[in-house]
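Comments concern the structure below.
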């Protein structure tokens, strides 16, 4: 255990403070350049303060580290309590890293209300760190909900033509789930007289109660993941969101749903989870296979990647509900990897969209002739998305399939279909967009990556390759926490 | 029996004297010196608030006065101060609005003060008749205030509806009180309570009386099916008066419910809980659903009030110290949010322009990012999204309800609040996603701007640190023996 450290609080509040400073200091449109620089400095500072979390992380314990515990609302024994274990720490890092990229990605692209755009992302970044770090349920809930506000504005203000519909759909879908979760949280408080999440792991609950709680939590997190059939908000939100919004949505927001499964559902209602395993696995497999086919026929690149995200997140939920360390580690690795890969693909689409103002696959063709560097980067990310060994995409999928085969061969087989489907829809899209003859004059006039775009994609590419070739640091961080959590989940609470 | 104790009603005395004084002074003031009456009113509010704070410091417990007709306890102290602050802010926000509509007159201030006096009597009443007198004083002043804008035909119509329905409700309340008097032989709140608890069974007459009393309270709160007057009055009255009707009287109505149901009739809790469940459910569902269809923001907020009172009742019907203090927290939080929402409408209004259509909020972020942000806070607070005060209001009410076993009721409440989020979000959408219809600059007095900004930011600050207000409500309830 590290003594009194404030790294987590810094990780939460530095970006939020930076966001407020951007708004106050450079709120007017003519200060756009200042706003960009303050935002970049804030985002980098936010990332730097999370580095000690990784460097000083003690991989031998599953206890919460870097804990802070302060009274907040004593009337209900609610604490400002934060801490990370091996399950949540990687996501704080991932989120802070992505924020830097997103600020950078919006550099020249966003020209209207720059300060508000940058501030929304910075504030959201802080709130999402809060979600991963909170160890008090109400603190978690406050961050979880507050996050919706900036995301709603990001989609609605800077999004595409159908942005209003998408923003509203996103907000109401996610709110429905989280409000039911609020009732569940209050019920658990009523049973246990505490809002400390770890205490709830030990509260005995009847099976009927567990199942009702499961339903409430499940709705909240399944909508966020999103699982089939409550996934329909995601393609709309992705298509209409600006590039940065898509990146954050895919890389971090979806992970919060999956994180909720690991932090709340499985350990708090383990018996209900076991009872309903078949149900969740069925939904996950439908997501993996059916949504994979849906992705195949998409005409819009962003929509295709959105469906691919749903399909990949199906792996995560599948991995969790296999109840084995292998499955969990696979699921978590898949979450981190998908964070990088989907973000990278959305950045790639953003690069093309900024030039052509179209996301339709049919408007492209032969891009490699005019943008060779870009084609090379996109090739790498497409491969990672199909789960090619050597890229980060492989690690998670492989571990989950392995865990699935141990449970049941056909389960593993069905999950393994993704390797074919993923390759099919990603590479087919890649072929149609990048290869072939130059499709039209506008493609012929394309310019290759600017220096900013080059380094942006290079940074993600590096992360994808590093994770694929040497996943050990990540697995090490998770191992002890995962093993202990599985032991927790294995205990009956009846 | 306690004796007369003038000190315990010092705030009421201050307001009553000030109202009479301003009525006299105003007669001798030339037209351009009208702000003398305005500032005198504000001064009276300040003095009364100081007097109320005094009572706070002196008597933490309940103090009965005027032969048990009046009770001056912590609940009264907190609600009184909330009323003073609310009315004072209403006058600050409404100043330019009233001025532009030729309503910046002595009568407005005097009637407002009398309405306030009525609220104070309701807050401190410990006898059915005291409570009823307070209610009538409040209602009559509000009828007159609603009708003040003579050139607005809707205002007269609204006042008429308000008066007819309000008189009916008062009649019902009085009828119910008389039946309770018939069974218990007393009008004293404490004696009614002990009289009922001494019996083994509750006679039909008592329950019958209870039904009428609950109807009267529901009318004042605006709970479905006694909500018909709310949209018309909110819409028809000048916005400043709407603000008065929609804010502080909710505090008084809450006090009325508390004194009657929790103070006098706890012995029939099982019966009134069932009635309140129906009222609460209908209000939440109907209020939130009908609000969606509104194109006028005042009407929308009217239905939002109905829904919000449903949530408040959810906490109230959970009963016990936790339930009542949660309802009190909810009411106070709601009133402060309402203040900011109508304050914003008046900020956008100009001479000859009401600014009360939803479309008038279009593109506010382009016109003024700051005011758009304040309105955003107000809307998210009404929707109950953290980190705003509205979230804790819902949270504390839900907690009280779940603790008392009303889990399914809470689940329905949660679903209706999702429906509510839709129309609050629409305002945010209009402000942030759409293009403005006009680019008229937003001009307002400096004090209005400052207070309205403070009011809006307070929703955020109290949303991050809600402990103070929460423990104040809990403390008040415990000290007052509820």
Only unsatisfied item for residue B:108, checking (1) modelled with pLDDT under 90; (2) over 16 Å from residue B:472 (Cβ atoms); (3) in contact with a helix residue (DSSP H, G or I) (Cβ under 7 Å, 6 or more places away or on another chain), is (1)
State all residues of the range A:160-174 that are surrounded by fewer than 24 Cβ atoms within 10 Å (Cβ to Cβ) and within 9 Å of chain B (Cβ to nearest Cβ); if no residue qualifies, say none. A:163, A:164, A:168, A:172
Can you pull out the residues in the range B:347-369 that are part of a helix (DSSP H, G or I), within 13 Å of another protein chain (Cβ to nearest Cβ) and closer than 21 Å to residue B:243 by Cβ? B:364
Just checking, how many residues over the range B:370-398 are over 14 Å from residue B:455 (Cβ atoms) and more than 11 Å from every other protein chain (Cβ to nearest Cβ)? 1
Restricting to the range A:65-97, name every residue that is away from every other protein chain (no Cβ under 14 Å) and under 30 Å from residue B:475 (Cα atoms). A:68, A:69, A:81, A:82
Here is a check on your reading of the model: is residue B:405 free of Cβ contacts under 8 Å to residues at least 40 places away in the same chain and in a loop (DSSP other than H, G, I, E, B)? yes
So, of the residues in the range B:1-46 that are in contact with a strand residue (DSSP E or B) (Cβ under 6 Å, 6 or more places away or on another chain) and part of a loop (DSSP other than H, G, I, E, B), which turns out to be surrounded by the fewest Cβ atoms within 10 Å (Cβ to Cβ)? B:2
Within the range A:183-210, considering residues that are assigned to a helix (DSSP H, G or I), in contact (Cβ under 8 Å) with a residue 40 or more places away in the chain and away from every other protein chain (no Cβ under 14 Å), the one nearest to residue A:136 (Cα to Cα): A:197
Just for helices (runs of 4 or more DSSP H) wholly inside the range A:306-420: which have at least 2 residues that are in contact (Cβ under 8 Å) with a residue 12 or more places away in the chain and closer than 23 Å to residue A:259 by Cβ? A:325-356, A:372-385, A:392-407
List the number of the failed condition for residue A:66; all other conditions in (1) crowded, with 18+ Cβ neighbours inside 10 Å; (2) at pLDDT below 85 hold. (2)
Residues that are modelled with pLDDT of 85 or more and part of a loop (DSSP other than H, G, I, E, B), drawn from the range A:22-55: A:49, A:50
Matching entry among B:418, B:450, B:472 (being within 14 Å of chain A (Cβ to nearest Cβ) and over 30 Å from residue A:240 (Cα atoms)): B:472
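Quick grid of which residues meet (1) under 28 Å from residue B:76 (Cβ atoms); (2) modelled with pLDDT under 90; (3) in a helix (DSSP H, G or I):
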site: B:436; (1), (2), (3): no, yes, no
site: B:439; (1), (2), (3): no, yes, no
site: B:443; (1), (2), (3): no, yes, no
site: B:450; (1), (2), (3): no, no, yes
site: B:455; (1), (2), (3): yes, no, yes
site: B:458; (1), (2), (3): yes, no, yes
site: B:461; (1), (2), (3): yes, no, yes
site: B:474; (1), (2), (3): yes, yes, yes
site: B:477; (1), (2), (3): yes, yes, yes
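The values are calculated or read from the model by the stated rules, or taken from the named source; none is laboratory data. None of these values were measured; they are calculated from a predicted model. We place every Cβ from the backbone using ideal geometry, glycine too, and count neighbours over all the protein chains shown.
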